[in-house]
Amino acid sequence: MFRNKSSRGQTMVEFALVLPILMFLLTGFFDLGRVVLAHDALSHAAREAARFAIVHGGSSLNPCPVGPPHGEAVVPVASASCPFPSPSKEAIRQEAREQAAAAGSIVTVEVCYGEGCVGDDDIELPEAATNERGTPVTVTVRTTVHMAAASLLGVSTFDVASTSTMLVNH
């Protein structure tokens, strides 16, 4: 029935003990949200860059082809309307970087043509990969998310990557 006057101090001590844990959890949730956002942005960027690569392949109807040219393809010279013509893959990388703006500041993009290619290395001769119809093109987009709460546990960064493979269809 009687209330102890020291309960006020007890509440402050309990709050002081619980506050750091709550702040750590809240920061951890923000870190997790940033990782999910980066993964979503990279998935979108890889998909859009792969789509860009398959649509802008080496057909005669395309005024600015990208990727390794096939056979007798006519490759235009670089111009204002076509800054990175075939065999350059820079237009694909640029498309991925633009689409991955929400993922972070440093985004690396790898583009390769051919079945089973890895990184930026296209399949070499005798089955050289080109931007000809039916050739698979793989786009891999990577970034690193810097963590706030996890850095207290010794994990300061989290690497995120996404890959998309599509067939050239022009």
Charge context of A148, other residues only, Cβ under 12 angstrom, K/R +1, D/E -1
0
Which three extents, in angstrom, do the Cα atoms of the chain have along their principal axes, listed largest first?
95, 34, 24
Give the angle, between 0 and 90 degrees and rounded to the nearest 10, that separates the Cα long axis of helix 7-55 from the longest principal axis of the Cα atoms of the chain.
10 degrees
Could the peptides 17-25, 141-149 be put in order, highest first, of the mean number of other beta-carbon atoms found within 10 Å of their residues?
141-149, 17-25
Quick one, what does Rg over Rh come out to for the range 30-115 if you take C-alpha atoms and the Kirkwood Rh?
1.07
Only Lys, Arg, Asp and Glu count, each charged at its Cβ (+1, +1, -1, -1), so figure out the dipole size of the chain about its Cα centre, rounded to 20 debye.
1260 debye
Calculate the translational D of the range 106-170 in whole µm² s⁻¹ from Stokes-Einstein, where the hydrodynamic radius comes from the Kirkwood formula applied to all Cα pairs, the temperature is 37 °C and the viscosity 0.692 mPa s.
242 µm²/s
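Readers should treat all values here as calculations from the given coordinates under stated rules, not as data from a laboratory. Fair warning: this is a prediction, and the values are worked out from it, not measured in the lab. Cβ sites come from the backbone with ideal geometry, for glycine too, and all protein chains shown count toward neighbours.
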